[in-house]
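The values are calculated or read from the model by the stated rules, or taken from the named source; none is laboratory data. Predicted model only: the values in this text are computed from it and were never measured. Here the Cβ is made from the backbone with ideal geometry for all residues, glycine too, and neighbour counts use every protein chain on show. These accessible areas exclude ligands, DNA and RNA; they are computed on the full protein's heavy atoms, side chains included. Shrake-Rupley method; radii C 1.70, N 1.55, O 1.52, S 1.80 Å.
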Amino acid sequence: IEIYRDPPGQVIGIVQMKCEQAPSAKSERFVEMTKCLAKQAALQTAEPTIANLLDQPDVDNASAKANARLLEVINLIRENMGVARVARIRADGGILGVYLHHNYQEAAIVRLEGTGATAELANDIAAHAVATKPMAVCREDIPAEVVARERDIARKQAEQTGKPANIVDKIAEGKVNAFYGENVLLEQIFVKDNKTKIRDLMKQAKITD
C-alpha cells in the first residue's frame, strides 16, 4: 500500500498493489512504481478505479500512460502484478489525516470536519484505526445481521448462568455493548492515551463529521 497527499493537503490517493512474491514488493522499483500510482490516483482527472487508473495519462509525463510504469516493472522483475484497490479522498472543507504502517500492508485515511479539526488529530485517529481495525465508524454502520448474531451468542452465554430472565437480558446487552466498544470506532478507547473514547475526543475537538 502507498499513499500520496498533495502539498496543500486537500486530496489523498491510496493504492494497493498485488504481486506473486513478497520479496518483489520490497524492491526499489516496485515501491517507486506504487508511490507514483498513488500520486496518479490522487491527481488524475477521472475518479480513480482499478479499470481506469492505468489508462490515464501519467501525471508526471502526459505523453505516456500510467500503465507504462507497471509494464516496466513487470518486464524487469518478470512477475505478474497489478492494482488490487484504489481510492481518492478529498478534504472538501475538512481536514485529512493518514497513517501508513511500516509494513506497507495496513493504512487508513481519516477526514475530520469541525472547528477543532487538525491534521495532527486526524493522523492520530488514522493510526488508531490501523491499530484497532474497527468494523465501522458508528453502531448504525455495522450490518444488522452481524449485530443479531452477536446478540444471539451473548444471550446463549448469559442463559448458561442460570440467572433470571431480566438478569440474562442485562448480561446479554452488556456483552453486545462490549462488542460495540471493541468494533465501533467512536466507541473505542483511544490507543494514544488508553482512557478517552474516540467519541469524547471528537466532542472535545468539536468535530462534527
Q) Has the range 37-49 got at least one residue that is part of a strand (DSSP E or B) and open to solvent by 70 Å² or more (accessible area, probe 1.4 Å)? A) no
(Q) Looking at the range 59-85, I want the residues that are farther than 17 Å from A46 by Cα and have a partner that is basic (K, R) and surrounded by fewer than 16 Cβ atoms within 10 Å (Cβ to Cβ) with Cβ atoms under 9 Å, at least 6 apart or on another chain. Which pairs are those? (A) E72/R29; V73/R29; L76/R29; I77/R29; N80/K18; M81/K18; G82/K18; A84/K18
Q | Listing of strands (runs of 3 or more DSSP E) fully contained in the range 55-167 that carry 1 or more residues being touching a Cys at 6+ places or on another chain (Cβ under 8 Å) and open to solvent by less than 80 Å² (accessible area, probe 1.4 Å) | A | 81-90
Q.
Please determine whether any residue of the range 106-114 is more than 13 Å from the chain's Cα centre (by Cα) and not aliphatic (A, V, I, L, M).
A. yes
(Q) Can you confirm whether E150 is more than 30 Å from E32 (Cα to Cα), among the acidic types (D, E) and either modelled with pLDDT of 95 or more or touching a helix residue (DSSP H, G or I) at 6+ places or on another chain (Cβ under 6 Å) (or both)? (A) yes
Q: Return yes when K26 is touching a Pro at 6+ places or on another chain (Cβ under 7 Å) and without any contact (Cβ under 8 Å) to a residue 12 or more places away in the chain and no when it is not.
A: no
